[in-house]
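The values are calculated or read from the model by the stated rules, or taken from the named source; none is laboratory data. Every value quoted in this text rests on a predicted model; they were computed, and no experiment measured them. We place every Cβ from the backbone using ideal geometry, glycine too, and count neighbours over all the protein chains shown. SASA here: full protein model, heavy atoms, side chains in, ligands and nucleic acids out. Shrake-Rupley method; radii C 1.70, N 1.55, O 1.52, S 1.80 Å.
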Amino acid sequence: MQVERDGGGAAGSGGPEPGEVTRGRRPSTSRVDVARAALELFNRQGYDQTTVDEIAAAVGVSRRTFFRYFETKPDVVWGEFDAELARLADALAAAPPDEPMMDVVRRVVVSTNRFGAAELGDLRIRMGLTSTVPTLVAHSAVRYAEWCDVIAEFAAGRLGGEPGDLGPQTVARASLGAAMAAFTCWARYDTDDLAAALDQAFRALATGFDEDRLRR
């Protein structure tokens, strides 16, 4: 990976002088590095109290380079959400046509929300931020609507009609509610099995919230 620099070394030199501090993205720096540094700062000193300049400095990049990775500060909290939406849409589209609709939704949502143990800490920070910081709560509404659009598009393909029709919208928004319940309870009770929580929530949704199945 080529190193990007905002300024070079001395005129005519092949690189920076010994001891000179250079700015720009290190070869090993990635979107993940920037997001992780940002989450650490947000968790330690607060979202509103953390500036883009501080995030950039934490990973040794310039402010300009930060905005090459993320268009806005709220986008850092959502990480690779756009890529996750694409994976969700692709997995739904690839489902066998004879697999029941809500079985597909449950299976795909669970499979696209499997995280490694090292990722769970960051995920809990993200959940806390998006549910408590007013700026991020508003931003979350946009992101959740995008998620619902993907589910509604799939549901419309199964039910007929348009994604904005009542049936597909009901499937999409009920699915979002089930997912949010699973994420909230997972974070609240500090368990490591998010996939199991999602699976349980979507099974309850698919069975119409049967009382006997829900009763513990």
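Key figures for this structure:
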{"item": "Of all residues in region 59-72 being open to solvent by 40 Å² or more (accessible area, probe 1.4 Å) and of a type outside the set (Phe, Trp, Tyr), the one that is nearest to Ile125 (Cα to Cα)", "result": "Thr72"}
{"item": "Condition met for Ser131 (in a helix (DSSP H, G or I) and open to solvent by 50 Å² or more (accessible area, probe 1.4 Å))", "result": "yes"}
{"item": "Restricting region 22-43 to residues that are more than 18 Å from the chain's Cα centre (by Cα) and open to solvent by 70 Å² or more (accessible area, probe 1.4 Å), the residue that is modelled with the lowest pLDDT", "result": "Arg23"}
{"item": "Ala118, sole failed condition from (1) under 20 Å from Trp186 (Cβ atoms); (2) open to solvent by less than 30 Å² (accessible area, probe 1.4 Å)", "result": "(2)"}
{"item": "Candidate set: region 156-178, residues that are aliphatic (A, V, I, L, M) and touching an Asp or Glu at 6+ places or on another chain (Cβ under 9 Å); chosen: the one surrounded by the most Cβ atoms within 10 Å (Cβ to Cβ)", "result": "Ala172"}
{"item": "Within region 134-155, considering residues that are of a type in the set (A, V, I, L, M), touching a Leu at 6+ places or on another chain (Cβ under 8 Å) and at pLDDT 95 or above, the one surrounded by the most Cβ atoms within 10 Å (Cβ to Cβ)", "result": "Ile151"}
{"item": "Number of the condition not met by Ala95 [criteria: (1) part of a helix (DSSP H, G or I); (2) hydrophobic (A, V, I, L, M, F, W, C); (3) open to solvent by less than 20 Å² (accessible area, probe 1.4 Å)]", "result": "(1)"}
